[in-house]
Structures are given as structure tokens and as C-alpha cells.
1. Say we look at segment 360-369 and pick out the residues that are within 13 Å of LEU340 (Cβ to Cβ) and hydroxyl-bearing (Ser, Thr, Tyr); which of these is surrounded by the fewest Cβ atoms within 10 Å (Cβ to Cβ)?
2. Being at negative phi, charged (D, E, K, R) and at pLDDT below 90 is true for just one of GLU257, GLU185, GLU262. Which residue is that?
3. Can you name every residue in segment 366-409 that is touching a His at 6+ places or on another chain (Cβ under 9 Å) and either under 11 Å from ILE348 (Cβ atoms) or modelled with pLDDT of 90 or more (or both)?
4. Show the residue pairs that are 6+ apart or on different chains and have beta-carbon atoms under 7 Å apart, the first residue being within segment 281-306 and touching a residue at least 24 places away in the same chain (Cβ under 8 Å), the second being among the β-branched types (Val, Ile, Thr) and in a strand (DSSP E or B).
5. Cβ-Cβ below 8 Å, separation at least six or inter-chain, first residue in segment 346-374 and more than 22 Å from ILE303 (Cα to Cα), second of a type in the set (Ser, Thr, Tyr) and part of a strand (DSSP E or B): which pairs?
6. Return yes or no: is LEU382 under 34 Å from the mean Cα position of the chain (by Cα), under 23 Å from ASN184 (Cα atoms) and either outside any helix (DSSP H, G or I) or not basic (Lys, Arg) (or both)?
7. If I go through segment 114-140 residue by residue, how many of them are among the hydroxyl-bearing types (Ser, Thr, Tyr), in a helix (DSSP H, G or I) and at pLDDT below 95?
8. Can you work out which of the residues in segment 274-318 that are within 13 Å of ASP328 (Cβ to Cβ) and not hydrophobic (A, V, I, L, M, F, W, C) is farthest from the chain's Cα centre (by Cα)?
Amino acid sequence: MNDKPLFVIKRNLQKSAQTGVTFQDQLEDENLKDICQKITGRSDYNCQYVENDYSDVFLANTYNKGRLATLRYGGYVHFITFSELAVEGRNSSIQSVPTAFNIFYMCPYEKKKLYYYFICKHGNPATDYHLFIYRLMQTVGFTFLNFPISSATTSFVTIEDMMRARDENRGTNRSNNSTYISKNEDGKYEAYCKTYGASKYESSLICYAMSMIIGHAEKIKLYEILEGNLNELPDSSLQVLRKMDTVDIIKTDLTFEKRIFEESRDNQLRSPRYQYNLLNKLGEKHCALCGCTIPDIIQGAHIWPVASIKAAKSISIDDKVRYATDGDNGLWLCENHHKLFDRNIIAIMSDGSVKYNHSLSASYIPYLHTFTENTQLPSMYLNDKFKHYVELRNRVLDAASFVRFKLHS
């Protein structure tokens, strides 16, 4: 390491050959001076821009992946990744972050630190979505050298905190729906991740943050939601997750879902795709009838039962799997309401009203009223597909046997 702080930076970005714009064009002397001052306490520095074929223990012989600069001083190497100049969408300035983290994390040099620096001049780098991402970044170890708004964010302390923040963020923007965090009936944490396009960057970062929080106390299940010929998470991300050794990675595709469907028993389908689709439509686990939000006891309840789908004739196995994993063919219910629903003690009608079987002993009805707070499903459930599944289910029921709940006073 030099006596004077030394920046060593790959000159070319991924598309520099096509655009003619290099990383050197985007970084200004005042940026590097500010970074150097903040990290080392000195404003004087040397800077060496290197070509693609340059490599050392910190930089590979390729273009500048991760929009990285390295600052070497005092026996330490400081990895700094940068925003883009213009924030043009929810993933702008974010896509390079997991790549930079991968390079930093896999670097064998022990005296290393990781930073983020904003150089954006256009757009809004402080949307609700960006602030959620910044919290993930802090959780995995990024230090922000400057920040786009006056109030700073804080890292996540628990996975439950991440789950709440993710669901709140989803609520502000329906497009924020590529990755979901949940907890299964065994109390184990799960991540359901799309692995293509910009989604793979968010998925990687969320899994890193979950791993950092949970440590080696237990394993997280990561379900990769694969579609068609689309690939799993990038190799560099998978290498990091394997090194962290806190994640069981499960690839789900149509073949995987078919096997789960065919092996399911007692009308219970443990399908990652079904869980993903329910999370996508309904958000974080919550019982539709009582509002319970304890994820360990919330289950995906099929409207048109899996057993009935299996028994249906003249339907291909591919279509049966599609119906069984359709997010419109279900709702979140607590264990109590799920069992009552499966045994037709309560029923849902095509208008979304919830009724109970009048054959139920009169002594049970007050209790049923007590913990069934919601007796009319909101409109978000009631699209045409949902209503169709209700009609398929209720064909075998005698509608006259069910009566409405009394309104709560």
C-alpha cells in the first residue's frame, strides 16, 4: 500500500465500447477528493485508471463490474461503489450494488471496507423503494459516504422488521413485487425470489441481508421462482450465498411444481409458486377472516380444493398445476379458519360474503362470531377468476345450508 492514498479504478463500464462513455468521464476530481477526505482524513491522492485487462487481488481482468473504485491506504483497501448519474427508475443506481458486494465479499484480503457514494444529478434517489434498498445495504455492511436526504436510514435488526418494511413498500407501488420474505408453519424464514431482469439484483440483496441478520442460527429457504428458460440467480450471487452457508437454495420450475402437486396428500399443497402468487396478490400473510398476522399460523387456503383439481377430468396435468398454484385460487387463513373452511363449517360466496353452516351446534356460534371479524371479503379478492373458483367449490355445497354472520355491534 502507498504512503499517499491511491485510487485504482477500472476505466471502462459494461457499455463503454458502445456508448463511448467511461467511468472516468463520470467521476470528478471533487468526488474523489471528498471520498478520500471522508475515509482517510486526507484530501491529497493519486489516481490510476486501468484498462480491462488489468487485474490484482481486488480487481478482475474485465470491465468495471459494480461501478467500483478502490482506495488503498494504510494497509486497507476501501471498495467504493457509485450511484448512476441519473436515477430513472426504481432499480436505477441499485443494479450495481449486489455486484459490488459480491466482489467485496469474495475478496480474500482481510483489511477491507465497503462504501456507497452518490454522484446522481438527475432523478429522485430517495423514493420509498430506494430507502428500503438503502436499509438492506446498511444491513449487509455498506457505509454511506454521503446521502441524498437529510434524514438517514438505519439497518434492519430483525427479519420481521424486513418483512413489515417490504410489505409497506409493496403497498406504495404494485410494481415492487419481485421478492417476498415470509415465515412458514415451522417457524422457518423463507424468501421467494424472481431471478431474471432487475429482480435478480433485489433478490440477491434481500437474501444477503437475511443471512447477515440470522447468522448461523438456522437456515433460510430461498425459492428461486424460475419461468420458462430463465436462469437462476447469477453465479456470483450463488457463490456468496454458499459461502455465507445460511441459505438452502431451491430451484422451482414447472417440473418441480408437478412433482409437488402429484405427491401432495390430504388436500395440502406445499407449493412455493402458490405461496409466491398469494404473496404477490395479497401481500404479507394475514388471515382474511380474523386479521391475525402471526405468519407461523397463516396458511394458503385453496378455494377450489387440490383434491377436486386432481379429480377433474379432461384437464391436462399442466393446467391442473396452473389452477393449483394460481394466486386467485386462494386466500390467507389462520389455522382455525382454514380448518373450518376445509370442513365446510364456513363458506365463502361468489359475492365475497362469509357464511356458516346452520347445522352447527348453537353453542358454538357465539364463539365463531367472536373470532370471525371479517364477514365480507374486500374487493381486491373478488376478480372474475376468484369468483369462478368459488363457484367450482360451491357446486358440491347446498347454499341454503349456510347463513350470514350477524353484524358486529
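The values are calculated or read from the model by the stated rules, or taken from the named source; none is laboratory data. What you see is a predicted model; the values in this text were computed from it and never measured. Methodologically, a virtual Cβ is constructed for each residue, glycine included, from the backbone with ideal geometry; neighbour enumeration extends over all protein chains shown.
1. Restricting attention to segment 360-369, the residues satisfying the condition of being within 13 Å of LEU340 (Cβ to Cβ) are 360, 364-365, 367-369.
Within this subset, residues satisfying the condition of being hydroxyl-bearing (Ser, Thr, Tyr) are 364, 367.
Details: TYR364: 11, TYR367: 9.
It comes out as TYR367.
2. Values: GLU257 fails: at pLDDT below 90; GLU262 fails: at pLDDT below 90.
The unique qualifying residue is GLU185.
3. HIS369, PHE371, THR372, GLU373, THR375, TYR389, ARG393, SER401, PHE402, VAL403
4. Qualifying pairs under 7 Å: LYS285/ILE298; HIS286/ILE298; CYS287/ILE298; LEU289/VAL354; CYS292/ILE298.
5. Close Cβ pairs satisfying both conditions: ILE365/TYR356.
6. Working: under 34 Å from the mean Cα position of the chain (by Cα): yes; under 23 Å from ASN184 (Cα atoms): no; either outside any helix (DSSP H, G or I) or not basic (Lys, Arg) (or both): yes.
Against the criterion (under 34 Å from the mean Cα position of the chain (by Cα), under 23 Å from ASN184 (Cα atoms) and either outside any helix (DSSP H, G or I) or not basic (Lys, Arg) (or both)), LEU382 does not qualify.
7. Keep residues of segment 114-140 that are among the hydroxyl-bearing types (Ser, Thr, Tyr), which gives 115-117, 127, 129, 134, 139.
Cutting the leftovers down to in a helix (DSSP H, G or I) gives us 129, 134, 139.
From what is left, the residues that are at pLDDT below 95 are 129, 134.
Going through segment 114-140 one residue at a time, the tally reaches 2.
8. Looking at residues that are within 13 Å of ASP328 (Cβ to Cβ) and not hydrophobic (A, V, I, L, M, F, W, C), I get HIS302.
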